[in-house]
Structure formats: structure tokens, C-alpha cells
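The values are calculated or read from the model by the stated rules, or taken from the named source; none is laboratory data. Just so we're clear, the structure is a prediction, and the values are computed from it rather than from any experiment. Note that we place each Cβ from the backbone using ideal geometry, even for glycine, and neighbour counts take in every protein chain shown.
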Amino acid sequence: MTWKVRDCCNRCRISYKRTRISVRCLTISIMEDKEDRPRQSRIHLFLRRYGRRLFISAALIVGCLTVVGICYIFFALGEESTGKEGKTSNSILGTAGFTSHERLDEAIAILDDILKRMRLEEHLMTDTKTLINALKNISVIKDNTRICRIGKYKKNKRCYYFSSTTKNWFEAQLFCKKQGGYLVEIYDKKENLYLKGLASENQVLGDKNVYFTGCNDIENNYSWIWDHSKMDMKFNDWGTRQPNPGYENCIALDGEDNFKWHDYPCTSKQHFICAADYF
């Protein structure tokens, strides 16, 4: 623009120092410059004004079309693969909801069946417990209604008889056999305490209250054996300084020593205890 201003000033023969004329010359030069420029078309002006917006919009449209194309390609490939398996993507999409509901119904049915079985098992367990208790009660009633061949005391499926008369060991053995029983055999502490309690209840005042049992060492070989079962004596409840050496070969409960076990001569006359399995 400077050369044009200078040219204008030269043509008008006006110095740079005159401000008003220089401004006028500048205005004239600008107008001439505009006249020299080629006129811009409407399209050029439109693109100049809205070009950036159009570019952004076009880019967005291209991007969307690209995404749609990619989705279509994947969809087409998926349809082709499912077609090979005998299923189509459309059928899958169409029945997806139905399949989900169907599986849910199946799961609910399975859970319902499990709950029914659990309830049935609970009922069976309850019925089983009731049956067991009933059988126990029947067993108790049956025990109470058992008939003893001899004696009136019942314990551990056996009946016990405490004699009021005295006999020697051999006579007592024969008596018990005739009554369907045998001289008592004691295998453990529990039964021993039970018999000691009964002996204490049956003791007679002024009597020694000695009761023969079925254990003996008649062969005198220091081997105590139960007569009825022929078993060796394993449990014992010997009294003080018992057993004695010599010919005291039959064991009895001694009332004078809190019914501890003492050995007595088999030929001595004592009370005795018979035992029998009840029926």
C-alpha cells in the first residue's frame, strides 16, 4: 500500500507533510485497490464463511458411515457363521428373550423340586425318629412284660433270684439249673454294683448274708472260671486279703465286707444268687 500512497501523492503533487491531502490520497488509493481486485463469487464467499463447519460435519458423517459399515460387516459374518451351524442371527435375536425365560423357568422348576425333596427327607427323618422312639418304647414295654423263669429282678435282659435259704455251692448250682437258670456270673463293675445293691436290700438281720456266685476254682489250679459260660474271670472285686490260699474255691459276695468278693469252701452252706435270661 505504501508505494500506491506515494504514487498518489506524486500525482497530486502534495507533500507528505500535509495531513489532510495524504488522508484523501489514501482513501483514493484504497478505492482504486478495491476496483483492481477481482470480484469473489458467492460460492467462494459461502465456503469462506461456512467451510470449517462443513468440513467438521462431513468428517462426522464419514465416521458414522464407517461405523455402520463395520457393524454391517460383522453382522453379515455372524449371520454366515450361524447359518453354517443351522441357526441364524435373526432367529437368535428373535428367540433370545424366550430362551432366557425358558431357562429361568427350568431353574425355578429344579429349585422347587429340590425343596420338595428336602421337605420329603425332613418328613422321612421325622417319621424315622418317631418310629425309632416307638420301637424303643415297645422294647421297654416288652422288657417289662418279659416273664422271668426265676427271680423278680430284671436287668440287662436277665432275671436275678436271691435265695432266702442256704445251700452248698453244688446244691445251689443244681437248684438254679432246675429253675431254668444258673449261678450268677458277673462280668463288669456296673453289674457288680447292681447286684451288691440288691444283696444289701435282701440281707437278713442276724445273718452273715453271704451269696454264692458261679465262679470257682474247684480244680484248684489257681484259675477262676465261671461255671455256666466256662469263661475265665476277667473282672473282680476282691475283698481285703482275698483270695485265701487253700481249699476255699468258690466265690461269694460277703455281706460283712460290703459284699466284696471272698472265696469260701464250696461245701459250706451259704445263700446264693441265680440268674436266667428272661423270655
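Looking at (1) modelled with pLDDT under 95; (2) assigned to a helix (DSSP H, G or I), can you tell me which one residue 164 breaks?
Evaluating residue 164 over (1) modelled with pLDDT under 95; (2) assigned to a helix (DSSP H, G or I) leaves (2) as the failure.
Name the single residue that is farthest from the chain's Cα centre (by Cα) among those in region 232-273 being surrounded by 13 or more Cβ atoms within 10 Å (Cβ to Cβ) and under 11 Å from residue 185 (Cβ atoms).
251
Which ones in region 183-201 are surrounded by fewer than 17 Cβ atoms within 10 Å (Cβ to Cβ) and either basic (Lys, Arg) or not assigned by TED's automatic domain parsing to the domain that holds residue 229 (or both)?
Result: 189, 190.
Would it be correct to say that residue 263 is in the same structural domain as residue 174 (by TED's automatic domain parsing) and either within 16 Å of residue 198 (Cα to Cα) or touching a helix residue (DSSP H, G or I) at 6+ places or on another chain (Cβ under 6 Å) (or both)?
Answer is no for this residue.
So, in region 172-182, of the ones that are surrounded by fewer than 18 Cβ atoms within 10 Å (Cβ to Cβ) and in contact (Cβ under 8 Å) with a residue 24 or more places away in the chain, which residue ends up nearest to residue 207 (Cα to Cα)?
By that ranking, first place goes to 179.
Only residues in region 220-237 that are farther than 16 Å from residue 275 by Cα and assigned by TED's automatic domain parsing to the domain that holds residue 185 count as the first member; pair them with residues that are crowded, with 16+ Cβ neighbours inside 10 Å and among the aromatic types (Phe, Trp, Tyr), Cβ under 9 angstrom, at least 6 apart or cross-chain, and list the lot.
Going by the 9 Å Cβ cut-off, the qualifying pairs are 232/224; 232/226; 233/224; 233/226; 236/224; 236/261; 237/259; 237/261.
Step by step: first the residues of region 202-228, then only those that are surrounded by 14 or more Cβ atoms within 10 Å (Cβ to Cβ) and of a type in the set (S, T, N, Q), then the one that is farthest from the chain's Cα centre (by Cα). Which residue is that?
209
Please indicate, with yes or no, whether at least one residue in region 190-200 is in contact with a strand residue (DSSP E or B) (Cβ under 7 Å, 6 or more places away or on another chain) and in a strand (DSSP E or B).
No, every residue in region 190-200 fails to be in contact with a strand residue (DSSP E or B) (Cβ under 7 Å, 6 or more places away or on another chain) and in a strand (DSSP E or B).
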